[in-house]
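Participant: First the structure, which I've put down as structure tokens, then a few questions once you've had a look.
The values are calculated or read from the model by the stated rules, or taken from the named source; none is laboratory data. Everything numeric in this text was worked out from a predicted model, so none of it was measured. All Cβ positions, even for glycine, are placed from backbone atoms using ideal geometry, and neighbour counts span all protein chains on display.
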Amino acid sequence: MMKKNEDLLVVKDLKKHFKMGKTSTLKAIDGISFTIKKGETLGLVGESGCGKSTVGRTITQIYEPTSGEVIFDNEVLHTKQNKAVQQQKKRAMQMIFQDPYSSLNPRMTVMEIISEGLVIHSPELSRMEREEKVNELLELVGLSKKHSQRYPHEFSGGQRQRIGIARALAVEPQFIVADEPIAALDVSIQAQIVNLLKKLQEEKELTYLFIAHDLSMVKYISDRIAVMYLGKIVELTASDTLYEKPLHPYSRALLSAIPIPDPDMERSREQTILQGDVPSPIDIPSGCRFRTRCPNVMDVCSKIEPVYREAEPNHFVACHLYDETVMSREDAVALHDC
Amino acid sequence: MTEEILAVNNLHVSFKTQTGTVTAIRGVNFKLNKGETLAIVGESGSGKSVTAKTIMRLLPKHNTLISEGDITYEGRDLLNLSLSDMQKVRGSEIAMVFQDPMTSLNPTMRIGKQIMEGLLKHQHLSKKVAKQKALEMLELVGIPNAKERLEAYPHQFSGGMRQRVVIAMALACNPRILIADEPTTALDVTIQAQILQLMKDLQEKMDTAIILITHDLGVVANMADRVAVMYAGEIVEQGTLDEIFYQPQHPYTLGLLRSMPNLSASRSEPLIPIPGSPPDLATLGTGCPFAARCPYTMKVCHDFLPEHTHLNESHTVMCWLQDARTPLTHIPEEVGSAK
């Protein structure tokens, strides 16, 4: 058994490029590194198209990475391991999807949906044992035994998401990738699901990668948060630190863009509104990829890509503003030019 | 000082379905003043979009039944207008922006032509003048290289740009009312901030009244002057922005506010969700539709629908807790206070 505080997942310089026709490549993930400790929740936020879902899918081995390493529970994934190890790792990592309407097979009963993983991963269980397990799981996620013979269309969005969570938990995973699990739900239901995920984490010592675009909910569930922009992590730190003292101009803009449900605060605060759209990941800007929208852009930004480094203890950021090694921007540009 | 331009009175809308009649709107009342922003908030299925589409008369005729109520715009009842009269109102005096900018533009028509369509029809401008106006509108909503972009097709625009185009189309004829149905829900937060700012700027310039339909209380706090909270086809609470956020009287409003995460609050404070899920409109009983999820429910709540109680000129609530006839020893202290 692993000790707490040990890294459960280590991602090293992970890249995932998709070929788009003969000449162009879509760089969905362009070299990211992070670790997730056992029992921790890492939030991964960013706008649509920044590659956050691809990260989740590459870690869970739905996609093969272009390069880089994923180490899970001290085993390197995506190598030609023997079948048994692979199977075991796949079982230990499960996924919860965004859309509770399309992620459940409409022609299967809840019993069949939840027990499918058990049939594959625990063939030794008898039918009775499986059914008992499913009923336990339904209770655990706040549904009841009587729901097990129903079909997905008989449930509301929040209830379906609970079924999706029960399905992920069926094979007793250590690690769950939750890809926007609350984005499709109503506000009053979102809080229910977030509280459920938190409760399950405590009870089952789960580790989460929580992917979302809604920064306000992410804060509630995450210990640390990574902010992604165009295939790279631009900032990673403890979630309270990110909200109190964001370093990267993109994180700052992202936080300032969230409308606050408090009229007085809305009236008094200054909003930084970013100009323009996210550039295409097929044609990434030179140097720093955020420079086309950055309010603090400098000359050096278009020439040299900032290094992702620890600017303050446990606070990683990729921005020239926090890089003392770039002695002054003019010097850096001059260096680059000669 | 405030001039009323739209009034919805006692509106009831139901739909005929295979399994019977479903009542989506059950007695909605609100007024819209000139130049103000009224936000309608509620969860999916609460009837926000149906209200908007009823005002625009966009609901399919064959299965929609508007059993009661009227919608008064400039002394006329929109529900009684002939189709051709309604077409004169729609797009030129009341315009609408839809949620999904991907599907609300015609993919086979150039952007310029789509913006010109309304101008040619309603303002009978010549093609040349209409094109000039379309160009101005594109510049107004902040599209770079507007002149070349007039000739582009929707697929050549990003989501945020498309929503700008849709707003340009909606405002081209200088309507007095803009109905925006979840205008930023499909957009990323940084783009949402741009679009909300744009709507505010344009409202100031053109003095348009906005009905903003949303489920995001943050957007409401950012945009609205007044708020109507909808639940199961009824406006359960209505008031000024501050009244709704700082003195919520309906347990549902209170529940919504509490289940929203607060950026400044600490992580250890748990969210307080509203238990259960919204009711099925087809099987609603006679009582308060929120009774099954309400923490303060009384016997009367299950049997009788509460009436609208006017707390002051601007603030009304539909809850037995506030009804003068309720022999209440005490009102729960959370009700009526900020979270």
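Participant: So in region B:8-34, with the set limited to residues that are farther than 17 Å from B:H308 by Cα, surrounded by 15 or more Cβ atoms within 10 Å (Cβ to Cβ) and among the small types (G, A, S), which one is farthest from the chain's Cα centre (by Cα)?
Facilitator: Filtering region B:8-34 for residues that are farther than 17 Å from B:H308 by Cα, surrounded by 15 or more Cβ atoms within 10 Å (Cβ to Cβ) and among the small types (G, A, S), the one farthest from the chain's Cα centre (by Cα) comes out as B:S14.
Participant: Right, something else. I want to confirm something. Restricting to region A:193-235 and keeping residues that are of a type in the set (K, R) and within 12 Å of chain B (Cβ to nearest Cβ), which single residue is nearest to A:A318 (Cα to Cα)?
Facilitator: The selected residue is A:R224.
Participant: For region B:88-104, which residues satisfy the criterion of being of a type in the set (S, T, Y) and farther than 16 Å from B:V141 by Cβ?
Facilitator: Correct list: B:S92, B:T103.
Participant: Hey, another quick one. Out of (1) under 15 Å from the mean Cα position of the chain (by Cα); (2) at pLDDT 90 or above, what's the single condition that is false for B:T185?
Facilitator: (2)
Participant: Can I ask one more? Is it fair to say B:T19 is among the β-branched types (V, I, T) and under 29 Å from B:D242 (Cα atoms)?
Facilitator: In short, no.
Participant: Pull up region B:180-225, narrow it to residues that are of a type in the set (S, T, N, Q) and within 13 Å of chain A (Cβ to nearest Cβ), then point me to the one that is nearest to B:S44 (Cα to Cα).
Facilitator: B:T214
Participant: Of the residues that sit in region B:34-56 and are among the hydroxyl-bearing types (S, T, Y) and assigned to a helix (DSSP H, G or I), which one is nearest to B:V219 (Cα to Cα)?
Facilitator: Narrowing region B:34-56 to residues among the hydroxyl-bearing types (S, T, Y): B:37, B:44, B:46, B:49, B:51, B:54.
When the remaining residues are screened for being assigned to a helix (DSSP H, G or I), the result is B:49, B:51, B:54.
Working: B:S49: 17, B:T51: 19, B:T54: 23 Å.
Only one residue fits best here, namely B:S49.
Participant: Would you please list the contacts, defined by Cβ atoms under 9 Å and residues six or more apart or on different chains, that run from a residue in region A:78-98 that is free of Cβ contacts under 8 Å to residues at least 60 places away in the same chain to a residue that is of a type in the set (S, T, Y)?
Facilitator: Close Cβ pairs (under 9 Å, with a partner that is of a type in the set (S, T, Y)) amount to A:H78/A:T58; A:K90/A:T60.
Participant: Here is a follow-up. Mind checking which residues of region A:138-155 are charged (D, E, K, R) and within 14 Å of A:T109 (Cα to Cα)? Please lay out each step first, then the result.
Facilitator: The initial filter retains those residues of region A:138-155 that are charged (D, E, K, R), namely A:139, A:145-146, A:150, A:154.
The answer is A:K145, A:K146, A:R150, A:E154.
Participant: Take B:V220 and tell me if it is assigned to a helix (DSSP H, G or I), in the same structural domain as B:A52 (by TED's automatic domain parsing), over 13 Å from the mean Cα position of the chain (by Cα) and not basic (K, R). Before the answer, list the steps.
Facilitator: Details: assigned to a helix (DSSP H, G or I): yes; in the same structural domain as B:A52 (by TED's automatic domain parsing): yes; over 13 Å from the mean Cα position of the chain (by Cα): no; not basic (K, R): yes.
No; evaluated as a whole, the condition is false for this residue.
Participant: Search region A:238-283 for residues being within 26 Å of A:F34 (Cα to Cα), β-branched (V, I, T) and surrounded by 16 or more Cβ atoms within 10 Å (Cβ to Cβ), and hand back the single one that is nearest to the other protein chains (Cβ to nearest Cβ).
Facilitator: A:I258
Participant: Oh, and also: Being within 11 Å of the chain's Cα centre (by Cα) and in a strand (DSSP E or B) is the filter here; which residues of region A:37-76 pass it?
Facilitator: A:T41, A:L42, A:G43, A:L44, A:V45 - these are the residues of region A:37-76 that are within 11 Å of the chain's Cα centre (by Cα) and in a strand (DSSP E or B).
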